[in-house]
Amino acid sequence: MKFELTKEFLQEIIDKIDRQEFELIKTELSELHNVDIAELIEELDEEYGKILFELFEDETSAEILVELDEENREAVLEDLSSQEIAEDLIENLDSDDAADIIADLPSEKKVEVLSHIEDIEHASDIVDLLSYPENTAGGLMAKELIKVNEKWAVLRCVREMRKQAEEVDNVYTIYVVDDDDVLLGTLSLKKLLLSTEKTFIKNIYNEKVFSVKANSDDEEVANIMEKYDLIVLPVVDDLNRLIGRITIDDVVDVMKEEAMEDYNKASGISEQVDASDNVLTLTRARLPWLLIGLMGGIMGAEVIGIFDIENNIELAFFTPLIAAMGGNVGVQSAAIIVQGLASNNLGMDSLAQRLIKELGVALLNGIICSGLIMIITSLIGYPYSISFTVSISLMAVIIFAALFGTFIPLVLDKYKIDPALATGPFITTVNDVLGLFIYFMIGKLFLNL
């Protein structure tokens with residue numbers, strides 16, 4: 001059953017900590033998942049959180065630590081010695097989680113923790129993982145896996161797998177390699193069980209296997225696993241030697257982080273922030289795009305000032321409509337393109353084909369919207385000249401905004417710039433200014449502004 005953290009439960013835990021009823025707390029929380037315990041710790045004050053964390057056995061504490069956010073994790077680790085971190089926590093974690101924990105430590109403490117890890121092979125795996133950038137397949141992978149040699153018979157294969165399984169919490173796939181550890185394929189557990197003891201692995205393994213290089217971008221990893229519905233993906237080096245594997249839980253985290261990053265950029269937030277961050281951090285993340293919007297507003301005012309609208313003051317009444325429609329259409333077009341780029345489902349269409357398709361959509365939307373505004377303004381009682389000018393202007397602005405919203409993210413992507421920057425405030429601000437310019441230029445043409 002899903003656990004829901006309430007204020008009442010939180011206060012109950014605080015009261016029990018104050019009364020030092022630690023065994024009662026452990027019993028009460030023993031049924032909870034580690035993620036739920038981590039959530040509870042994050043909601044407590046720092047001192048209470050530390051006390052609660054220290055109540056659990058080493059293996060459980062290590063798993064809880066992985067689920068904590070960066071701020072609470074740092075608070076917990078700062079009170080532990082390098083030896084305690086190594087022996088009580090790191091040695092109870094898979095290599096990928098252990099590397100993530102150690103990577104956040106200060107340089108000096110990082111070296112000390114590694115020196116206290118008794119399992120030399122585990123320490124070596126962690127050091128290897130720390131050498132990869134965080135946003136790569138190497139930075140995501142774990143070293144623990146099951147692999148067998150193509151030359152082994154089934155009997156030896158089972159014997160070797162039992163030894164390797166002691167170091168692996170979850171066995172997703174059995175990988176087949178040659179004498180040089182080059183990845184050849186995967187082995188079906190069903191085929192292994194149904195084969196005779198003397199059958200060689202090379203005769204029963206599946207050669208079809210997806211893999212990624214260690215330096216591949218984490219978004220590429222996520223896209224491959226999503227496209228082919230994989231729960232685990234092997235990682236190889238430049239010589240195609242098997243060096244690790246990435247599981248779906250790690251990729252889900254990447255997807256969430258990328259989605260949040262794109263959403264922030266589309267909303268005009270320049271940094272990765274949380275609602276719990278301080279005022280200065282939140283202000284610093286939001287202010288740049290607000291300033292750009294401010295400059296856009298000033299430019300929009302200057303555009304209006306260029307034209308003489310005293311004799312057709314009704315045109316001013318429709319400036320919010322023109323600006324809003326241009327911004328909305330531009331954001332819609334950009335959002336569809338950015339989403340397609342992120343999920344690699346734009347197909348093989350060229351830039352010209354994309355623009356032509358968006359032009360068709362814009363024309364249809366423009367005809368409907370401009371027709372409606374023509375009818376509505378005429379019924380309200382505006383002069384025909386004003387209704388016609390507003391209607392034609394709206395059509396032109398919708399077409400321009402749609403093409404602009406499509407063109408910009410595609411160009412940014414071509415030059416390896418995050419296309420998510422093209423959505424939100426950027427598109428809105430540019431379309432506001434240029435949309436108003438188009439509006440008043442058409443007004444000048446038809447109404448002699």
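Side notes on the structure shown:
- Residue within the stretch 357-367 that is charged (D, E, K, R), modelled with pLDDT under 85 and farther than 27 Å from Phe307 by Cα present: no
- Candidates in the stretch 258-283 are the residues that are loosely packed, with under 14 Cβ neighbours inside 10 Å and assigned to a helix (DSSP H, G or I); of these, the one that is modelled with the lowest pLDDT is Tyr263.
- Within the stretch 111-138, tally of residues that are in a helix (DSSP H, G or I) and closer than 22 Å to Glu219 by Cβ: 4
- Filtered residues of the stretch 169-208 (kept if hydrophobic (A, V, I, L, M, F, W, C) and surrounded by fewer than 16 Cβ atoms within 10 Å (Cβ to Cβ)): Val171, Val182, Leu189, Leu193, Leu194
- Selected residue [closer than 19 Å to Ile408 by Cα and either among the acidic types (Asp, Glu) or modelled with pLDDT of 80 or more (or both)] from Gly330, Gly347, Gly293: Gly330
- Qualifying positions in the stretch 10-21 - surrounded by 14 or more Cβ atoms within 10 Å (Cβ to Cβ) and more than 23 Å from Glu74 (Cα to Cα): Lys16, Glu21
- Residue that is of a type in the set (Val, Ile, Thr) and either in contact with a Lys or Arg (Cβ under 8 Å, 6 or more places away or on another chain) or modelled with pLDDT under 80 (or both), where the choices are Thr406, Thr389, Thr377, Thr429: Thr406
- Close pairs (7 angstrom Cβ cut-off, 6 or more residues apart or separate chains): touching a residue at least 24 places away in the same chain (Cβ under 8 Å) and in a helix (DSSP H, G or I) in the stretch 91-110, buried (at least 18 other Cβ atoms within 10 Å of the Cβ) and of a type in the set (Asp, Glu) anywhere: Ser95/Asp125; Ser95/Glu144; Asp96/Asp250
- Looking at the stretch 139-237, the strands (runs of 3 or more DSSP E) lying wholly inside it that each contain 2 or more residues that are under 24 Å from Ala123 (Cα atoms) sit at 146-149, 174-177, 232-236.
- Filter result (surrounded by fewer than 18 Cβ atoms within 10 Å (Cβ to Cβ) and within 20 Å of Glu59 (Cα to Cα)) within the stretch 116-135: His116, Glu118, Asp119, Ile120, Glu121
Per-residue answers, yes or no, for (1) assigned to a helix (DSSP H, G or I); (2) within 23 Å of Asp250 (Cβ to Cβ):
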| site | (1), (2) |
| --- | --- |
| Leu10 | yes, no |
| Glu23 | yes, no |
| Glu28 | yes, no |
| Lys50 | yes, no |
| Leu55 | no, no |
| Arg73 | yes, yes |
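- Single unsatisfied condition, Lys147 versus (1) touching a residue at least 24 places away in the same chain (Cβ under 8 Å); (2) more than 39 Å from the chain's Cα centre (by Cα): (2)
- Each residue in the stretch 136-166 was checked for being surrounded by fewer than 21 Cβ atoms within 10 Å (Cβ to Cβ), over 15 Å from Val235 (Cβ atoms) and touching a Leu at 6+ places or on another chain (Cβ under 9 Å), and 4 of them qualify.
- Candidate set: the stretch 75-90, residues that are without any contact (Cβ under 8 Å) to a residue 12 or more places away in the chain and part of a loop (DSSP other than H, G, I, E, B); chosen: the one surrounded by the most Cβ atoms within 10 Å (Cβ to Cβ): Leu80
- Between Tyr384, Tyr439, the distinction of being among the aromatic types (Phe, Trp, Tyr) and in contact with a Ser or Thr (Cβ under 6 Å, 6 or more places away or on another chain) belongs to Tyr439 only.
The values are calculated or read from the model by the stated rules, or taken from the named source; none is laboratory data. Note that the structure is a prediction, hence the values are computed from the model and not measured. Note that each Cβ is placed from the backbone with ideal geometry, even for glycine, and that neighbours are counted across all protein chains shown.
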